[in-house]
Amino acid sequence: MTDKTNQSWGGRFSEPVDAFVARFTASVEFDKRLYRHDIMGSIAHATMLEQAGVLNVAERDAIIEGLKQIQAEIEAGQFDWRVDLEDVHMNIEARLTDRIGITGKKLHTGRSRNDQVATDIRLWLRDEIDVILGEITRLQQGLLELAEAEADTVMPGFTHLQTAQPVTFGHHLLAWFEMLSRDYERLVDCRKRVNRMPLGSAALAGTTYPIQREITCQLLGFEAISGNSLDGVSDRDFAIEFCAAASLAMMHLSRFSEELVLWTSAQFQFIDLPDRFCTGSSIMPQKKNPDVPELVRGKSGRVFGALTGLLTLMKGQPLAYNKDNQEDKEPLFDAADTLRDSLRAFADMVPAIKPKREIMREAALRGFSTATDLADYLVRKGLPFRDCHEIVGHAVKYGVQTGKDLAEMSLDELRQFSAEIGDDVFAVLTLEGSVNARNHIGGTAPAQVRAAVSRGRALLAAR
Ligand code: ARG
């Protein structure tokens, strides 16, 4: 009968599973990428079973040797993945039995695919998080370098995408650094909850064998053992949490992308991106499109989708394991791949950004960006802020009518609006005067940008 059903669970079945259903329920096409972690988990399980007296030394060694050879076969591209064997777990187990005979069938003692798959995903995700953390750090290093080089570069700062006040380009770049620092922290925190071991939960209730979970926990480098077998096999909150952290990081990269797209446009021209991060148009010869940022902005949607998908996947499930959970992998894999690749593209691209300092400066000179500085100047002369706001409003109105920025008006012109204005006003109306005046922690002054860069370097060095 097992021959006919061709399945390791075929014993209680009297007809083979429908060919379409077999394909429909199989996950091997996508879960085969867990093979390394599946084998790692199996080696730890076999090692523990021997110490617990369930396997003898020869059996353990045969299993471990067989699993290592299977890993080599997979990595050499010589492994025959079979859809009729459903998933990565049964493919590897069946191959083990092919290779080492009936001892291979003992590996699954005291274990179920339910705790096996939950363990595999956690091991896999832990490694992915580590790679992603490395890419965040690399991107942050690039931002620090560029911010330091551009600590004195003045550009317009925006609110409502309207010119607001001058800022330094270095300061603007360091805003991205801050967001990425929080993304990093979130992933480090998420990793702690990923790094808990469900192995030993078995199908749902635990197992009658004298397993020693402390041993597998230590062998696999988990920080803790899951405290309840039903929860251990069923919840995928760790994957959802990862997708939430990944969504926030992608949202940040998407906003960053939007700025790069704007800045490279003919209307802004604040920066140039090297050709290797752009593509042309097949019809418009002049085009150089910022494809990498555009794609990253677009890809953020896949990761938000993964988050929504996994929340929806989980919300209706009764305890404990349900086959629904097989659907956790594709969104999780896609979210991790998308975040990693987007970070990688940004980490490669950011050091290659070429700022166009003169154009940024000219843009900051337009749009009355030092109007607040003039109001603050009048406050220092003793006027109440609300009155100063009004006075400067009139000066701006005059500037709009005459086509002059505040710094381009003569002293007489400025004094029409307040007799308190003296010729010391021009120092505050310059871009440098404006940014240098915001000289406190978190402010835009070049000195503060340099201080923030050294704080940032210390932060990265402590990772
Ligand atoms: N392929 C399954 C998954 O990804 C493995 C666990 C299946 N367990 C079961 N009892 N059918 O979730």
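The values are calculated or read from the model by the stated rules, or taken from the named source; none is laboratory data. Remember, predicted model here, so these are calculated numbers, not experimental data. Positions of Cβ are backbone-derived with ideal geometry, glycine not excepted, and every protein chain shown enters the neighbour counts. Just so you know, the surface numbers come from the protein's heavy atoms only, side chains and all, with ligands and any DNA or RNA stripped out. Shrake-Rupley method; radii C 1.70, N 1.55, O 1.52, S 1.80 Å.
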Along the charge dipole of region 334-457, pointing to its positive end and built from +1/-1 on Cβ of Lys, Arg, Asp and Glu, which listed residue (GLY399, ALA437, GLN416) has its Cα farthest out? ALA437
Going by alpha carbons, how many degrees (0 to 90, nearest 10) lie between the helix axis of 88-100 and the longest principal axis of the chain? 40
Computed over region 1-145, the ratio Rg/Rh where both radii use C-alpha atoms and Rh is Kirkwood: 1.07
Leaving out ligands, DNA and RNA but keeping every protein chain, what accessible area does GLU241 have, in Å² rounded to the nearest 10, with a 1.4 Å probe? 60
Just going by the charge dipole of region 145-289, with Lys and Arg at +1 and Asp and Glu at -1 on Cβ, which of LEU273, HIS252, SER201 is farthest out on the positive end? SER201
Quote to one decimal, in nm, the extra length available between PHE426 and GLN78 on full extension: 0.36 nm per residue of separation minus the C-alpha distance between them. 117.7 nm
Helix 169-194 versus the longest principal axis of the chain: what angle, 0 to 90°, nearest 10, using Cα atoms? 20
Give me the percent of Cα-Cα pairs in region 138-240 that sit more than 21 Å apart, rounded to a whole number. 58
With axes computed from alpha carbons, what is the tilt in degrees of helix 237-264 against the longest principal axis of the chain, rounded to the nearest 10 within 0 to 90? 30
With all protein chains in place and a 1.4 Å probe, MET251 shows an accessible area in Å² (nearest 10) of 60
How do ASP38, ASP348 rank by accessible surface area computed with a 1.4 Å probe, from largest to smallest? ASP348, ASP38
Reported to the nearest 10 Å², ILE283 has, with a 1.4 Å probe, an accessible area equal to 130
Computed over the chain, protein heavy atoms only, probe 1.4 angstrom, the accessible area per residue in square angstrom equals 47
To the nearest 0.05, what FRET efficiency results for GLU390 and LEU161 with a Förster distance of 25 Å applied to their C-beta separation? 0.50
Taking the Cβ of HIS172 as the centre, find all other residues whose Cβ is under 9 Å away and add up their charges (Lys, Arg: +1; Asp, Glu: -1). -2
In nm², what is the average projected area of the convex hull enclosing the Cα atoms of the chain? 29.8
Mean projection of the alpha-carbon convex hull of region 388-463 over all orientations, in nm²? 6.5
With all protein chains present and a 1.4 Å probe, how do PHE13, PHE30, PHE242 order by accessible area, largest first? PHE13, PHE30, PHE242
Out of the total accessible area of the chain (probe 1.4 Å, heavy atoms of protein only), what percent is carbon and sulfur? 53
First measure r as the distance between the Cβ atoms of PHE30 and ILE441, then evaluate 1/(1 + (r/R0)^6) with R0 = 51 Å and state the FRET efficiency to the nearest 0.05. 0.60
Mean separation of Cα contacts under 8 Å, 6 or more apart, over the residue count of the chain: relative contact order %: 17
Measuring from its Cα centre, the chain shows a charge dipole (+1 at each Lys and Arg Cβ, -1 at each Asp and Glu Cβ) which, in debye to the nearest 20, is 340
Rounded to the nearest 20 Debye, what is the dipole magnitude of region 289-443 about its Cα centre when Lys and Arg each give +1 and Asp and Glu each give -1 at the C-beta? 340
Solvent-accessible surface ranking, highest first, for ARG297, ARG126, ARG213 at 1.4 angstrom: ARG297, ARG213, ARG126
For n ≥ 4 DSSP H runs only, could you compute -39500 (n - 2.57) per run for the chain, divide by its residues and tell me the 222 nm figure to the nearest 500? -20000 deg cm²/dmol
